[in-house]
Amino acid sequence: SFIGEESVAAGEGSILTDNPTWIIDPIDGTTNFVHRFPFVAVSIGFVVNKKIEFGVVYSCIEDKMYTARKGKGAFCNGQKLQVSGQEDITKSLLVTELGSNRDPETIKIILSNMERLLSIPIHG
């Protein structure tokens, strides 16, 4: 099976089944792309039985290829990635994205989540 982000965004229905499925977003960061903000990627995932098996993200502007395979780790341009090991959230930097859905109920949920995050004494 095949699920394309652009067709789903255009309103076409899509159901994830247990079948092997490619999930592709050819312009991940469409809003960034439209506004010439340089964080755009091509994202491809492969799912079997509704579980991700591997993914590839190519950050076009940075010329970085991120890959990950279930049980095998994640890599950037072939170099293994790992988490920082920081366990104290007050010494952490949190990054979030608000999304593009402007439905009032969705906005209320997003702002509530943001309020909880901003209440944590984090670095930024």
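A few points about this structure:
- Of all accessible heavy-atom area on the chain, the percent that carbon and sulfur account for (1.4 Å): 59 percent
- Tail beyond 14 Å, pair distance distribution of the range 1-82 (Cα, percent): 67 percent
- Per residue solvent-accessible surface (Å²) - the chain, probe of 1.4 Å: 78 Å²
- Net charge over other residues, Cβ less than 15 angstrom from the Cβ of Ser1 (K, R count +1; D, E count -1): -2
- Low-density loop positions, trypsin sites (Lys or Arg not before Pro), the range 34-68 - DSSP coil, at most 12 other Cβ in 10 Å: Arg36, Lys50
- Rounded to the nearest 500, the helix-only mean residue ellipticity at 222 nm of the chain stands at -5500 deg cm²/dmol, with each DSSP H run of n ≥ 4 adding -39,500 (n - 2.57).
- Other residues within the sphere of radius under 13 Å centred on the Cβ of Gly55, judged by their own Cβ, net out at +1 (K and R +1, D and E -1).
- Under 5 Å, built H, 5+ apart or other chain: amide partners of Ser92: His123
- Our summary gives the chain a relative contact order of 14 percent, counting only alpha carbon pairs under 8 angstrom and 6 or more residues apart.
- Mean-position separation - Cα centroids, the range 70-114 and the range 13-54, in angstrom: 17 Å
The values are calculated or read from the model by the stated rules, or taken from the named source; none is laboratory data. Note that the coordinates shown come from a computational prediction; the quantities given were computed from them, not determined experimentally. For neighbour counting, all protein chains shown are included, and Cβ atoms are generated from backbone atoms with ideal geometry for every residue, glycine included. Each accessible area value is taken on the protein alone, full model and side chains, heavy atoms only, with ligands, DNA and RNA left out. Shrake-Rupley method; radii C 1.70, N 1.55, O 1.52, S 1.80 Å.
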